[in-house]
1. If Lys and Arg each add +1 and Asp and Glu each add -1, what is the summed charge of the other residues whose beta carbon sits under 13 Å from the beta carbon of Glu85?
2. Here are some pairs, Lys48/Lys180; Lys72/Lys234; Lys216/Lys283; Lys9/Lys283; Lys48/Lys178; which of them have Cα atoms lying more than 30 Å apart in this structure?
3. What is the sum of charges, Lys and Arg at +1 and Asp and Glu at -1, for the other residues whose Cβ falls under 12 Å from the Cβ of Cys218?
4. Could you state the orientation-averaged shadow area of the convex hull built on the Cα atoms of region 21-68, in nm² to one decimal?
5. Measuring from centroid to centroid over Cα atoms, what is the spacing of region 164-187 and region 210-257 in Å?
6. Equivalent-ellipsoid semi-axes (√(5λ), Cα gyration tensor) for the chain, whole Å, largest first?
7. Under a 5 Å amide H to amide H cut-off, with H placed in plane at 1.01 Å, what residues pair with Ile182 once short-range neighbours are removed?
8. Once you order the gyration tensor axes a ≥ b ≥ c over the Cα atoms, which shape class does region 119-227 get: rounded for a/c under 1.5, otherwise prolate or oblate by comparing a/b with b/c?
Amino acid sequence: MLQIEDTIKTFLSTPENNSLSPHWGFRAFDQPLVGYADGDDPLFTAIKNDIGTFYQTPREAFRQAFPGTSPKHIGVIAWILPHTERTRRAHRSMTDMPSLNWSLARLFGENVNENLRRHVVTALTASGLRALAPTLAPEWTRAQSPRYGFASTWSERHTAFVCGLGTFGLSDGLITAKGKAIRVGSVIADCTVTPTPRPYTHHQEYCLRTHGVDCKACIKRCPAHAITPSGHDKEQCKTYIRGSTRPYVEEQQLGVPVNSCGLCQTGIPCEAGIPKLVQRRLKLSRNQTASCPQ
Ligand code: SF4
Ligand code: SF4
């Protein structure tokens, strides 16, 4: 059986696959975390019920891609791509606008992530499985959630949450063993996997505020005042990005508009790992990465 974690790590260890820019020699991402979930895990249905009927469970996404099929098992594979220390350091020093490194990672780094999704699908297909990356499917679309405002038919962060890779922070970002300065990807296939244990029961378990600490770090980092003790205002965040950082990236940095911001992902206690106090409280083991598909 294909060792999918090796496939992902080998892809990213090739410099031309993991480049921050076509012109620079720096890598986009550090070593990934990989996690797995059974596609019929009831948590996927619970998330759908919470977000809206448009949201797809893995089985629904699979059926849409391969009509008329109903495999016995659906496996979900998710990964975390941590920004490098170099990118995080550059971004930490910014207050209103994104650093050049962060914008490069948002543009070219997401290309790395897209190519990785395609690569994993190709590798799974070559091993005789049917596979897809839901966010690359032509049917993937944005939608309006009755409870949460703008959303989409497949969320990489929610998928990674089910795959045991992390929990949400106050600003909606996923706090993982490699922190919140990350990008996320996933694929699904008609295979069995060994689900990664979820060492949490609360959707914000790795956020300091869940443990009674009055952490305001991400609140203070947001120049748009889009984060408050009540949570993340998606509309305010989007307005700031569309009106300020996106044109800034086009005019001052890359010559093309990019939805780059993420100031709330650096300069905070959960930037590069689960906050130590939370680790102590939860007695987390150092490595929460996953086992490979069976
Ligand atoms: S910076 Fe503090 S409040 Fe914000 S997500 Fe991280 S731990 Fe939670
Ligand atoms: S992405 Fe930017 S605007 Fe949005 S919440 Fe984070 S810091 Fe604020």
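Just so you know, all these numbers are worked out from the coordinates, no wet-lab data involved. Every value quoted in this text rests on a predicted model; they were computed, and no experiment measured them. Note that each Cβ is placed from the backbone with ideal geometry, even for glycine, and that neighbours are counted across all protein chains shown.
1. Numbers: positive: Arg27, Arg86, Arg88, Arg89, Arg92, Lys178; negative: Asp30, Glu271.
Local charge sum for Glu85: +4.
2. Values: Lys48/Lys180 23 Å; Lys72/Lys234 38 Å; Lys216/Lys283 24 Å; Lys9/Lys283 28 Å; Lys48/Lys178 27 Å.
From the list (Lys48/Lys180; Lys72/Lys234; Lys216/Lys283; Lys9/Lys283; Lys48/Lys178), the Cα-Cα distance tops 30 Å for Lys72/Lys234.
3. Details: positive: Lys180, Arg209, Lys216, Lys220, Arg221; negative: Asp172, Glu271.
That works out to +3.
4. Numbers: hull surface 24.5 nm².
It is 6.1 nm².
5. Each part's Cα centre sits 17 Å from the other's.
6. Details: eigenvalues 162, 99, 78 Å².
Calculated on Cα positions only, the semi-axes equal 28, 22, 20 Å.
7. Answer set, sorted by chain and number: His83.
8. Working: a/c = 2.52, a/b = 1.66, b/c = 1.52.
Here region 119-227 falls in the prolate category.
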